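S.K.: Can you keep this structure in mind? I'll have questions shortly.
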Amino acid sequence: MSSTALAVILEKIASKDKDFRYMATSDLLHELQREFFKADAELEKKLCAVVLNQLEDPSGDISNLAVSCLGCLVRKVADVRAEDLVRQLCDKVTGAGPASGGSSVSSKARDAQREISAIGLKALIKELAGGASTGMSSSSQLASVASNIIAGRMLTGLAVHKDDSEVVSQVLDILTELIQRFGGLLVAEHSRIRDALLGALGEGRMVMRKKLLQGLAALSMFLNNDTLEGVVSFLLAALQGPSIKPDYVRTYIQAVGQISRAVGYRFGRYLTTAVPLVISYCNKAAEGDDELREHCLQALEGFVLRCPHDTRPQMDAVLSTALRYLRYDPNFAADDDDCDEDDMGEDDDADDDGDGDGGEYSDDEDMSWKVRRAATRILSALVSRYPDALPVLYRASMSELVARFDREREEGVKADVFGAVSEMLAQVGATVDRYAPGEPNSPTSLLAGDVVSIVRASAKQLRDKSPKTRIGVFGVLRQLVAVQASSVAGQVDALIPGLLAALNEKSSNTGLKIEALSFLRQAIAATPPSVFQPHTKQLSSAVFGCVNERYYKVAAEALRVCEALVGVLRPDPASPVPPAQVSLVGPLYSAVMARLSATDQDQEVKECAISAMAAAAARLGDCLQNEMPMVLRVLLERLRNEITRLVAVKALTTLASSPLVSGELLAGAGEGGVVGELTTFLRKANRLLRQASLVALEALAARYPAAFEGATLTAAVEEAAALVSDADVALASLALRFLVSLMAMPGPAGAAAAAVVAEKARAPALALVRSPLLQGAALEVMQSFFAALAAAGPAGGDDALLASLLDVGRSAEAASKQAQYSVARCVAALATTSAAKVPATVELLLKSMGGKDLGSQRLALLCLGEIGGRTDLSGLPAVATAATVVLSAPGSSEEVRAAASHALGGITRGNLSHFMPGLVAQISSSAGQPKQQYLLLQALNDVISTLASPAGASKAAELGPEMADQVLSLLFDAAESEEECRNVVAECAGRLALLHPGKVLPALLERTTALSANMRAVAVSAVKHAVVDRPNPVDAELGPVLQRFLLLIGDDDRHVRRAAVVALSGCAHAKPGLVVGGLGQLLPLLYAQTAVREDMIRTVDLGPFKHKIDDGLELRKAAFECLDILSDCCRDRLEPGPFLAALESGLGDHADVKMPCHTTLSKLVATDPGAVLAAAERLVVPLEKTLTTRLKSDAVKQEIDRHEDMLRSCLRCVDALEHVPGSDNNPAFQNFLRKIVLGTPALKEKYLAIQRERAEAEGGDAMDTA
């Protein structure tokens, strides 16, 4: 806009007409918001004066617009002018109050002016903070100067007008806002602000003190340790004073609590003094001083939440205090027998809320509920922060909390009690893996004994009139069912009246019905059908009524309950519906069909109705024969509707799997029937729809072969065959399963399907076998496919198929080891379909081994190994001989010899008693030949690992104690060989321990003190392989001695230390309960392995130059990987101080160490943001060094790519740090972010790209969840 137009605006702003002034101010705001607004020095001066003048306009609307103009103006004018603007605003806020003889009118005007100026100054501070966060140096400089000006002026105003409450109030609000936004830029003023706030803390009214506390807590986040110590020491010293006023006690206790919450674990060093002091004041508070008790308990809760590790030594005292004040109710008269020494009574016999003996007393005057609420929250904090101490916490507090169900009179406190019990129950469920089954002191066992009392107390509360109370009770019951469903089953009768009352609730409180229905559904699913069968008539009428509710969430949840009720009405599909339940089938159908057939329904209700009807028709189809045509017709309509298509496909899968649904109805519904509809879905882009359609087609093929005939069959096979590719292996696996089910159809239908499948799907399947992505379950399905294809095909077809597979295995595309392994598995599946086929196939493979083609030799050996693992080849001795010859031939290819090792292992698995002695003898005789010994040990490992796995459990007994002794002796003899052999020895020993723990573990433990470092390394490495992620008898014997193995982390030899660190990682990942108890000893040893040690760095003279080799690098990598695993599974046992110190060291270490540390720090941001924020000043130093590292000019592409990966890893970590609450107020991090990350164009571009990736990933997760 031209200067003339601006002049017109400024002229109108001076008008006497309020409307003119408003419109002109609005136009000015619009101009200031323009991106390219510019003004000369003179115009800037006029604009500043006009905006300041408009702040004092009598019209509130105009002054509010002026505040908005002020925020924009400060970014458009020169820094000098902006600073002057800041000074003038500060003067308006801190100007002198009215004289004692001043008129009330002028006093009100000054107050109004001060208030609007304060609002303007806050808006300006916010605008400066927004500009500084963009990383622009000019904005950052202005923010720094302006913040110091404001701080100085506000502190002066606070000192000058300390008796003027209005001025002090505005000054404190602005000062708190300033500290929160720019606390890191006020380092020079920290001591002065601290002194001013502490000095004013002992003066003024309570309202002023609360504002001071907010400012002090905000400031504490930015103080260094020495300055923070001054603040805390002042407060604690004041509280320890001999004659402190109660008023000040409350203020100082509150200050201590708020500061501890603000600074997090940095407050931990003061807790040895603070906790006893706070508890002391809580206990000796005067009668009626509930506010002080509440502040004390809130402070204790903050200590537990923010400094859990430092509060741990005081846990018993905190727990005792919380329990004492959980019962604190001085205005409630208890029975004399139950009164404790502090007169905190409990009425064990009262069935109502209790009137006490103070008939004239009003609950409106009673503030003791705040004390009980604070005590309850302490218990919740203790349970969440100390899951390892759960047995102690449970014994001490669960009965007390349950007792408060009935005795608590305040609804809000009751809700917190329910929350605390739910938290306790959740922790019981979360820690179940840490205790052996049936252990009497485990939380699960303790809870089993309390289920009856919890259910009874809950049932009583379900009769309460308050919907909020009943909602809380249902929350407790749902958590209880999730943890102890078996114990709850016997107590369901007591809950039925309250449940019915909630379901029949006539009020508009839909939340109560939703909670009641959710609990009912969960309880039905978790308990035997017989538990709810006596109550189905009562419950069904209430549930069917909820199905007709107008609110969609109630109706949807009721439909889910209907689906669960089907299993109660007919527990066993093979048996008829019990006579007592028959009468409920019709009403169930009617209720669900009313929702299913209606078109004007919410999406969630439609989906729940479809699922419920499918469950009812599948389980109760014989009782609904007349209604089934209508059901299928409606489902077919929903199948053709894009919105309900996916859930309708799943419903049809349920129906197709039921013997009670007529096949003719499904096969004949419409042109092409259901099969035709489902086949068209295989071309859709929706992956979930294609998956569900394949599953449904498989169910239809297994149940109703008549549905697949002629063109329908051909179309289905063509569409399924198109999905058999490595573009989506999971989808290909489902397609193959469907094709297998087609070939498995009985009679001519199966033969016809096999012919079509052989024509359409054989080529895609052979192409998929070549893919290295074909692994796991997909590979298992592929084997079934080829076996079915051979079995259902014409005579001689299996030979042609075998030849095709072998050709694929020899082809160039299948040169990878994984591809040939896949082919070998499929060949073995074909060969072992009939015992008669095995000799011919083996002879063919032996012939192919005689050629010179290495690929053919390797493939043949892999095939022989797979065939030998599935059938006994002892009758064909040439196989084992051929494998042994190839393995021992020195001129053979390494890959061929490895295949021979695999073959020997597979053959041995097929007949352990026949081949195992020979394998052991070969290993013994190969002691002087490390390579051959390694390959033979690999064969042995293949045998033992298979026997120790669930798949080999049936043959595990064949490796008896005598053979185990021979193998163990053999392994220990090989423990002094080369490293690759030692690794295999350790794995063999660990797997052998799974088969014979009583024999192997003592032998390993004995060797942890061996003189040989190699032997010690093997012993501790073996333990890692003895811990598997499934229950195993070895756990009971390993648990008591595992610590002795893991303490080798402190061994003198670095190889032993690394083996012990890796063992700790494996054990913690698979079974954290085995290691969690010993972490107190292990963590200091582990942290010691994260430091760079100069004595482990050696220099190698390479002639023209010298090269440094860090022998400790692999050990440090293993240590940080171990810490990452521990942070996932044992987070509560890691103190933030040492953990972050180790992480800080890793962030500045070698590139191989940095990247895992970036990942660990990003995780820590989510689990303990307070500790990360407190250490941000130290953490940004290595991060900055990483981002500012420059490559040499002659760096090769590999180095450039590695450097780029490092930068992206570091920037992802920075992005995680930026999302820590409070990071925008951390000066060190913000300075690093502005100057390094956003101030460097190349880094800024990468950083913004990473932020976009994260946003897209989070959006995708949200969509998946939805």
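S.K.: Please state which of the following conditions ASP872 fails to meet, knowing it meets all the rest: (1) open to solvent by less than 60 Å² (accessible area, probe 1.4 Å); (2) part of a loop (DSSP other than H, G, I, E, B); (3) at pLDDT 85 or above.
M.R.: Single failed check for ASP872: (1).
S.K.: Sort out which residues of region 632-669 are β-branched (Val, Ile, Thr) and modelled with pLDDT of 90 or more, and write them in order of number. Reasoning before the result, please.
M.R.: Taking region 632-669 and keeping what is β-branched (Val, Ile, Thr), we get 634, 643-644, 647, 649, 653-654, 661.
Within region 632-669, VAL634, ILE643, THR644, VAL647, VAL649, THR653, THR654 qualify.
S.K.: Same structure, new question: Might you check whether a residue that is modelled with pLDDT of 90 or more and over 26 Å from ALA459 (Cα atoms) occurs anywhere in region 388-405?
M.R.: Among the residues of region 388-405, at least one is modelled with pLDDT of 90 or more and over 26 Å from ALA459 (Cα atoms), which makes the answer yes.
S.K.: Run down HIS1025, HIS1069 and say which single residue is at pLDDT below 95, open to solvent by 20 Å² or more (accessible area, probe 1.4 Å), within 26 Å of LEU1147 (Cβ to Cβ) and not small (Gly, Ala, Ser). Before you say what the answer is, go through the steps one by one.
M.R.: On the way: HIS1025 fails: within 26 Å of LEU1147 (Cβ to Cβ).
Among HIS1025, HIS1069, only HIS1069 is at pLDDT below 95, open to solvent by 20 Å² or more (accessible area, probe 1.4 Å), within 26 Å of LEU1147 (Cβ to Cβ) and not small (Gly, Ala, Ser).
S.K.: OK, next. Can you run down the residue pairs with Cβ atoms below 6 Å, 6 or more apart or on separate chains, where the first is in region 916-940 and in contact (Cβ under 8 Å) with a residue 12 or more places away in the chain and closer than 16 Å to LEU968 by Cα and the partner is of a type in the set (Ser, Thr, Tyr) and open to solvent by 10 Å² or more (accessible area, probe 1.4 Å)?
M.R.: none
S.K.: Return the pairs, sorted by first residue and then second, in which the second residue is hydrophobic (A, V, I, L, M, F, W, C), the first residue lies in region 1098-1110 and is open to solvent by 100 Å² or more (accessible area, probe 1.4 Å), the beta carbons are less than 6 Å apart, and the residues are 6+ apart or on different chains.
M.R.: Close Cβ pairs satisfying both conditions: ARG1098/ILE1109; LYS1108/ILE1097.
S.K.: Sticking with this one: Just checking, does region 714-728 include any residue being small (Gly, Ala, Ser), in contact (Cβ under 8 Å) with a residue 24 or more places away in the chain, touching a Phe, Trp or Tyr at 6+ places or on another chain (Cβ under 6 Å) and under 30 Å from ARG638 (Cα atoms)?
M.R.: In the first step, residues of region 714-728 are kept if they are small (Gly, Ala, Ser); the result is 715-716, 720-722, 725, 727.
The next check asks that each one be in contact (Cβ under 8 Å) with a residue 24 or more places away in the chain; those that pass are 715-716, 720-722, 725.
Now narrow it down to the ones that are touching a Phe, Trp or Tyr at 6+ places or on another chain (Cβ under 6 Å): 720.
Then keep just the ones that are under 30 Å from ARG638 (Cα atoms); that gives 720.
Checked against the condition, which is being small (Gly, Ala, Ser), in contact (Cβ under 8 Å) with a residue 24 or more places away in the chain, touching a Phe, Trp or Tyr at 6+ places or on another chain (Cβ under 6 Å) and under 30 Å from ARG638 (Cα atoms), region 714-728 yields at least one hit.
S.K.: On to the next question. Among the residues of region 619-635 satisfying the criterion of being in a helix (DSSP H, G or I) and either open to solvent by 20 Å² or more (accessible area, probe 1.4 Å) or among the hydroxyl-bearing types (Ser, Thr, Tyr) (or both), which is farthest from GLY567 (Cα to Cα)? Can you show your working first?
M.R.: Step one: filter region 619-635 for residues in a helix (DSSP H, G or I), giving 619-623, 628-635.
Now narrow it down to the ones that are either open to solvent by 20 Å² or more (accessible area, probe 1.4 Å) or among the hydroxyl-bearing types (Ser, Thr, Tyr) (or both): 619, 622-623, 629-630, 633.
Details: ARG619: 8, ASP622: 15, CYS623: 14, PRO629: 22, MET630: 22, ARG633: 24 Å.
Across region 619-635, the extreme among qualifying residues is ARG633.
Residue-by-condition table, conditions (1) under 38 Å from the mean Cα position of the chain (by Cα); (2) at positive phi; (3) open to solvent by 20 Å² or more (accessible area, probe 1.4 Å):
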site: SER733; (1), (2), (3): yes, no, no
site: ALA744; (1), (2), (3): no, no, yes
site: PRO748; (1), (2), (3): no, no, yes
site: ALA751; (1), (2), (3): no, no, yes
site: ARG762; (1), (2), (3): no, no, yes
site: LEU768; (1), (2), (3): yes, no, no
site: LEU773; (1), (2), (3): yes, no, yes
site: ALA778; (1), (2), (3): yes, no, no
site: PHE785; (1), (2), (3): yes, no, no
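S.K.: Keeping to region 1181-1199, report how many residues are assigned to a helix (DSSP H, G or I) and either loosely packed, with under 11 Cβ neighbours inside 10 Å or of a type in the set (Lys, Arg) (or both).
M.R.: Restricting attention to region 1181-1199, the residues satisfying the condition of being assigned to a helix (DSSP H, G or I) are 1181-1188, 1197-1199.
This time we only want the ones that are either loosely packed, with under 11 Cβ neighbours inside 10 Å or of a type in the set (Lys, Arg) (or both), so: 1185, 1188, 1197-1198.
Adding up the residues that qualify gives 4.
S.K.: Something else: Across region 1190-1230, what is the total count of residues that are within 20 Å of HIS1150 (Cα to Cα), modelled with pLDDT of 90 or more and touching a helix residue (DSSP H, G or I) at 6+ places or on another chain (Cβ under 8 Å)?
M.R.: Counting residues in region 1190-1230 that are within 20 Å of HIS1150 (Cα to Cα), modelled with pLDDT of 90 or more and touching a helix residue (DSSP H, G or I) at 6+ places or on another chain (Cβ under 8 Å) gives 11.
S.K.: Separate question: What about ARG181, is it among the charged types (D, E, K, R) and surrounded by 22 or more Cβ atoms within 10 Å (Cβ to Cβ)?
M.R.: On the way: among the charged types (D, E, K, R): yes; surrounded by 22 or more Cβ atoms within 10 Å (Cβ to Cβ): yes.
The answer is yes for ARG181.
S.K.: Would you confirm whether or not region 245-261 contains a residue that is among the aliphatic types (A, V, I, L, M), more than 29 Å from MET315 (Cβ to Cβ) and touching a residue at least 40 places away in the same chain (Cβ under 8 Å)?
M.R.: Pass one, region 245-261, residues among the aliphatic types (A, V, I, L, M): 249, 253, 255-256, 259.
Now restrict to residues that are more than 29 Å from MET315 (Cβ to Cβ): none.
The answer is no, given that none of the residues of region 245-261 is among the aliphatic types (A, V, I, L, M), more than 29 Å from MET315 (Cβ to Cβ) and touching a residue at least 40 places away in the same chain (Cβ under 8 Å).
S.K.: Being modelled with pLDDT of 85 or more and either open to solvent by 10 Å² or more (accessible area, probe 1.4 Å) or in contact with a strand residue (DSSP E or B) (Cβ under 7 Å, 6 or more places away or on another chain) (or both) is the filter here; which residues of region 133-154 pass it?
M.R.: Correct list: VAL145, ASN148, ILE149, GLY152, ARG153.
S.K.: Given the options VAL561, VAL582, VAL547, VAL566, name the one that is β-branched (Val, Ile, Thr) and surrounded by fewer than 19 Cβ atoms within 10 Å (Cβ to Cβ). Can you show your working first?
M.R.: Values: VAL561 fails: surrounded by fewer than 19 Cβ atoms within 10 Å (Cβ to Cβ); VAL547 fails: surrounded by fewer than 19 Cβ atoms within 10 Å (Cβ to Cβ); VAL566 fails: surrounded by fewer than 19 Cβ atoms within 10 Å (Cβ to Cβ).
Every option except VAL582 fails the conditions.
S.K.: What is the residue count in region 1219-1238 for residues that are assigned to a helix (DSSP H, G or I) and more than 16 Å from PHE182 (Cα to Cα)? Before the answer, list the steps.
M.R.: In the first step, residues of region 1219-1238 are kept if they are assigned to a helix (DSSP H, G or I); the result is 1223-1225, 1227-1237.
Subset that is more than 16 Å from PHE182 (Cα to Cα): 1235-1237.
Of the residues in region 1219-1238, 3 are assigned to a helix (DSSP H, G or I) and more than 16 Å from PHE182 (Cα to Cα).
S.K.: Then there is this: For region 828-843, check the following and say yes or no: at least one residue is free of Cβ contacts under 8 Å to residues at least 24 places away in the same chain, open to solvent by 30 Å² or more (accessible area, probe 1.4 Å), closer than 30 Å to ALA889 by Cβ and out of contact with any His (no Cβ under 9 Å at 6 or more places or on another chain).
M.R.: Applying the first criterion (free of Cβ contacts under 8 Å to residues at least 24 places away in the same chain) to region 828-843 yields 834, 836, 840, 843.
In the following step, the residues that additionally are open to solvent by 30 Å² or more (accessible area, probe 1.4 Å) were identified as 834, 836, 840, 843.
Retained after the next criterion (residues that are closer than 30 Å to ALA889 by Cβ): 840, 843.
Still in the running and out of contact with any His (no Cβ under 9 Å at 6 or more places or on another chain): 840, 843.
Within region 828-843, one or more residues are free of Cβ contacts under 8 Å to residues at least 24 places away in the same chain, open to solvent by 30 Å² or more (accessible area, probe 1.4 Å), closer than 30 Å to ALA889 by Cβ and out of contact with any His (no Cβ under 9 Å at 6 or more places or on another chain).
S.K.: When you check ALA953 against the structure, is it farther than 19 Å from GLU866 by Cβ, of a type in the set (A, V, I, L, M), surrounded by fewer than 21 Cβ atoms within 10 Å (Cβ to Cβ) and at pLDDT below 90, yes or no? Can you show your working first?
M.R.: Working: farther than 19 Å from GLU866 by Cβ: yes; of a type in the set (A, V, I, L, M): yes; surrounded by fewer than 21 Cβ atoms within 10 Å (Cβ to Cβ): yes; at pLDDT below 90: yes.
Taking the combined requirement at face value, the residue satisfies it.
S.K.: In region 228-251, which residues are open to solvent by 20 Å² or more (accessible area, probe 1.4 Å) and assigned to a helix (DSSP H, G or I)? Write out each step before concluding.
M.R.: Filtering region 228-251 down to residues open to solvent by 20 Å² or more (accessible area, probe 1.4 Å) leaves 229-230, 233-234, 237-238, 240-248, 250.
Across region 228-251, the qualifying residues are GLU229, GLY230, SER233, PHE234, ALA237, ALA238, PRO246, ASP247, TYR248, ARG250.
S.K.: OK, next. Is it true that SER901 is touching a residue at least 24 places away in the same chain (Cβ under 8 Å), surrounded by fewer than 20 Cβ atoms within 10 Å (Cβ to Cβ) and closer than 22 Å to SER848 by Cα?
M.R.: Working: touching a residue at least 24 places away in the same chain (Cβ under 8 Å): yes; surrounded by fewer than 20 Cβ atoms within 10 Å (Cβ to Cβ): no; closer than 22 Å to SER848 by Cα: yes.
No.
S.K.: If a residue must be under 19 Å from GLU44 (Cα atoms), crowded, with 17+ Cβ neighbours inside 10 Å and either among the polar types (S, T, N, Q) or over 49 Å from the mean Cα position of the chain (by Cα) (or both), how many such residues does region 22-32 contain? Step through it out loud before you land on a result.
M.R.: Our first condition is that a residue be under 19 Å from GLU44 (Cα atoms); within region 22-32, this holds for 24-32.
Then keep just the ones that are crowded, with 17+ Cβ neighbours inside 10 Å; that gives 24-25, 27-29, 31-32.
From what is left, the residues that are either among the polar types (S, T, N, Q) or over 49 Å from the mean Cα position of the chain (by Cα) (or both) are 24-25, 27-28.
Going through region 22-32 one residue at a time, the tally reaches 4.
S.K.: Also, quick follow-up: Out of SER422, SER399, report the one residue that is small (Gly, Ala, Ser), over 30 Å from the mean Cα position of the chain (by Cα) and in a helix (DSSP H, G or I).
M.R.: Values: SER422 fails: over 30 Å from the mean Cα position of the chain (by Cα).
Just a single option satisfies the conditions, and that option is SER399.
S.K.: A further question follows. Do we have GLU1114 as part of a helix (DSSP H, G or I), under 28 Å from ARG312 (Cα atoms) and at pLDDT 85 or above here?
M.R.: Details: part of a helix (DSSP H, G or I): yes; under 28 Å from ARG312 (Cα atoms): no; at pLDDT 85 or above: yes.
So GLU1114 does not fit the description; no.
S.K.: Another one. Looking for something under 37 Å from the mean Cα position of the chain (by Cα) and of a type in the set (Ser, Thr, Tyr) - is there at least one such residue anywhere in region 540-562?
M.R.: yes
S.K.: Return yes or no: is ALA403 farther than 20 Å from ARG1131 by Cα, among the aliphatic types (A, V, I, L, M) and crowded, with 23+ Cβ neighbours inside 10 Å?
M.R.: Values: farther than 20 Å from ARG1131 by Cα: yes; among the aliphatic types (A, V, I, L, M): yes; crowded, with 23+ Cβ neighbours inside 10 Å: no.
The answer is no for ALA403.
S.K.: Right, something else. Could you list all residues from region 1002-1016 that are β-branched (Val, Ile, Thr) and surrounded by fewer than 16 Cβ atoms within 10 Å (Cβ to Cβ)?
M.R.: As a first pass, look at region 1002-1016 and keep what is β-branched (Val, Ile, Thr): 1008-1009.
Scanning region 1002-1016 gives a single hit, THR1009.
S.K.: Among the listed residues PRO528, PRO573, identify the single one that is open to solvent by 20 Å² or more (accessible area, probe 1.4 Å) and touching a residue at least 60 places away in the same chain (Cβ under 8 Å).
M.R.: Details: PRO528 fails: touching a residue at least 60 places away in the same chain (Cβ under 8 Å).
Exactly one of PRO528, PRO573 is open to solvent by 20 Å² or more (accessible area, probe 1.4 Å) and touching a residue at least 60 places away in the same chain (Cβ under 8 Å), namely PRO573.
S.K.: A further question follows. I'd like to know if region 988-1001 contains one or more residues that are in a helix (DSSP H, G or I), more than 23 Å from ASP942 (Cα to Cα) and either open to solvent by less than 10 Å² (accessible area, probe 1.4 Å) or of a type in the set (D, E, K, R) (or both).
M.R.: Step one: filter region 988-1001 for residues in a helix (DSSP H, G or I), giving 988-995, 997-1001.
Still in the running and more than 23 Å from ASP942 (Cα to Cα): none.
No, there is no match, as no residue in region 988-1001 is in a helix (DSSP H, G or I), more than 23 Å from ASP942 (Cα to Cα) and either open to solvent by less than 10 Å² (accessible area, probe 1.4 Å) or of a type in the set (D, E, K, R) (or both).
The values are calculated or read from the model by the stated rules, or taken from the named source; none is laboratory data. What you see is a predicted model; the values in this text were computed from it and never measured. Cβ sites come from the backbone with ideal geometry, for glycine too, and all protein chains shown count toward neighbours. Quick note on the areas: whole protein, heavy atoms, side chains included, nothing else; ligands and nucleic acids left out. Shrake-Rupley method; radii C 1.70, N 1.55, O 1.52, S 1.80 Å.
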